[in-house]
Amino acid sequence: MSDPLVLLVEDEPQMRRFLRATLGAHGFRLVEAGTLAEALAALTAQAPELVLLDLGLPDGDGIDFTRGVRGWSHVPIIVLSARGREADKVEALDAGADDYLTKPFGVNELLARVRVALRHARSTETPGPVRAVGPLRIDLAKRVVTVDEREVHLTPIEYRLLAVLAQHVGRVVTQQHLLREVWGAGHTHQPHYLRVYMAALRRKIERDPARPAILQTEQGVGYRMRDPGDG
Amino acid sequence: MTDPTPPRTAPTGGYLQAASLVALAAGLSSLAHPWLALPDIAMVFVLVIVAAAARYGRGPSVLASALAVATYDFFFVSPQHTFAVEDLRNVVTFATMFVIGQLIAALTLRLRNSESEARARESATAALLAERAALAEEARAASFKARTEEMRSTLLSAVSHDLRTPLAAITGAATTLRDSSVELDRARRDDMVATVCEEAERMERLIGNLLDMTRIESGALAVRREWVPLEEIVGSALTRLESRLARREVKLTLPDELPLVEVDPVLIEQVFVNLLENAVKYTPESTPVDLVARALPPPDGGVEVVVADRGPGFVEGTEARLFERFYRAPGVVGGVGLGLSISRGIAEAHGGSLSARRRAGGGAEFVLRLPPTGPAPEVPVEAGEGAA
């Protein structure tokens, strides 16, 4: 497979310079856009494998752009924004962004998220039944969960919760998304269900539930199943 | 200045009443005429003139004097029922009556003037006092403004110092790295790069703190309460601090039976992050940090979380100062002194408290108390437990 093509939508020259150098050095090809119009043109003409999207662009808002693109494309979108409030993250993720990085961010963090998003996008065609994250192993076909090779007994809700997170390993899944997927559309206003079940799940899966290594909370946004291999 | 009190009687009323006083005197005198000598009657009229002068002022007193003289002459001085005068001594009586009337009127006027002057002085004094009160109010406002200004300038100097210091380090390190004339060995190069990264992180934290402080100060801090297990908030705080806590022992005591708390998890996480960061910053790496949570018994209820360290602690009596903005413990380098005051602001926005105390055996303890908010919501229990 050739070097992945990344579309960078960013209007600030210093950010473009830094990302150009960084991504180039790590084996990515880059196409740059300074406006949403340019981004749309590049997206259709060059079919990039991944989009890095700033939210505040001169000709519009990146969140509307994300929503529009999601109507016709599954290309992974990682939002890079100086808007650091949890509500902004939730809005971007609910609009269809795959991940969200608040400026300033470190290169390692960026590269880890990019790899996760690319891996996820490439694997959607042939998702295997087994997800392994550190000591945790989930066999989605047999519905068997093991930690350090010992089988863990989960309730149906705990299992569904774990399965949804496992489908998005390395990526944050919003509370609303989890509530909808696990409890149904009628329960999206009951986030405490989610928190109580997450606590129960951690007690069964984590070595130290108060210091979760796998099921991490992004407070105010949602949960992320962290793959310890991704750092 | 005008006399604020109205005249006691309207001018026409004064003349009328002066005239009726004279009529009254004439009536009484004629009734008593058989028993009174003429000088006695003159005294009755003098009395009336004095009364009119004292009471109604100069104009009515002139009228009263003229009427009294005329009545006295006409009805009592012989020949009666004419204005003719037999005895010239009576003319002296008339003149005396008239002069007494004018003298009394003048004295009364002077008295009244000085009275209204006194009243004017009094109201002037009152006005002065009001003015002084207004000035004092102004002074208070000015001193508040001065304090605000002082706060602002403290903020500015703290911020500019704390932003410039890391910036100076970043600029220095980055320009050194760029300078091709300097040969840097690998270790020095790594040092420079580490400086840039660390100082940039420091700036990021400072800016975050300043934004939080601004939000709390402006009252724009919205508390979005949700029912959360305390353990989850502690966990997310520890995750956020993962790299900073890598070489530090953090002992957690979180009893299983802790109730759910109804708080804004994002804000309370910030409190834990600030307290743990402080502990890491101000105590030696070899010393442990303890985080102990417990449910408080009734009647208080709620939960208490104590973050305790084994560092140098703080000087007795400085507990309160720790929470002041821009306060930095003596000898401490780095940080702008906002973390604790932000944390207290968050605790108070929840109706709770954050306080500091010296730890028995050495070190500092920070105590977060969150009051109970009501019964936690039910979470339906699943019917079947076991493998899904």
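The values are calculated or read from the model by the stated rules, or taken from the named source; none is laboratory data. Bear in mind that the values here come from a model prediction, so they are computed numbers and not experimental data. Here the Cβ positions follow ideal geometry from the backbone for every residue, glycine too, while neighbour counts run over all protein chains shown.
Filtering B:Ser236, B:Ser243, B:Ser286 for residues that are part of a loop (DSSP other than H, G, I, E, B), of a type in the set (Ser, Thr, Tyr) and within 11 Å of chain A (Cβ to nearest Cβ) leaves a single hit, B:Ser243. Exactly one residue among A:Thr146, A:Thr126 is among the hydroxyl-bearing types (Ser, Thr, Tyr), in a loop (DSSP other than H, G, I, E, B) and either more than 25 Å from A:Val221 (Cα to Cα) or modelled with pLDDT of 95 or more (or both), and that residue is A:Thr126.
Within the range B:246-283, restricting attention to residues that are at the interface with chain A (Cβ under 10 Å from one of its Cβ atoms) and charged (D, E, K, R), the residue that is nearest to A:Ala199 (Cα to Cα) is B:Asp256.
Among strands (runs of 3 or more DSSP E) lying entirely in the range A:171-231, which contain 1 or more residues that are in contact with a strand residue (DSSP E or B) (Cβ under 7 Å, 6 or more places away or on another chain), without any contact (Cβ under 8 Å) to a residue 40 or more places away in the chain and under 18 Å from B:Glu242 (Cβ atoms)?
A:215-218
The single condition among (1) in a loop (DSSP other than H, G, I, E, B); (2) surrounded by 14 or more Cβ atoms within 10 Å (Cβ to Cβ); (3) touching a residue at least 60 places away in the same chain (Cβ under 8 Å) that B:Gly301 does not meet is (2).
For B:Ser180, the conditions (1) at pLDDT 80 or above; (2) away from chain A (no Cβ under 14 Å); (3) part of a loop (DSSP other than H, G, I, E, B) all hold with the exception of (1).
Checked against the criterion of being more than 14 Å from chain B (Cβ to nearest Cβ), surrounded by fewer than 20 Cβ atoms within 10 Å (Cβ to Cβ) and not in a helix (DSSP H, G or I), the range A:89-106 contains one or more residues that satisfy it. Select from the range A:1-41 the residues that are among the hydroxyl-bearing types (Ser, Thr, Tyr) and closer than 18 Å to A:Ala117 by Cβ and write down the one among them that is surrounded by the fewest Cβ atoms within 10 Å (Cβ to Cβ). Checking each candidate, the answer is A:Ser2. With the condition kept exactly as written, say whether any residue in the range B:174-182 is hydroxyl-bearing (Ser, Thr, Tyr) and within 30 Å of B:Gly208 (Cβ to Cβ). Yes, the range B:174-182 contains at least one residue that is hydroxyl-bearing (Ser, Thr, Tyr) and within 30 Å of B:Gly208 (Cβ to Cβ).
For the range A:175-205, a residue qualifies if it is within 13 Å of chain B (Cβ to nearest Cβ) and among the charged types (D, E, K, R), and the qualifying residues are A:Arg195, A:Arg202, A:Arg203, A:Lys204. Across the range B:196-214, the number of residues qualifying as surrounded by 17 or more Cβ atoms within 10 Å (Cβ to Cβ) and under 40 Å from the mean Cα position of the chain (by Cα) comes to 8.
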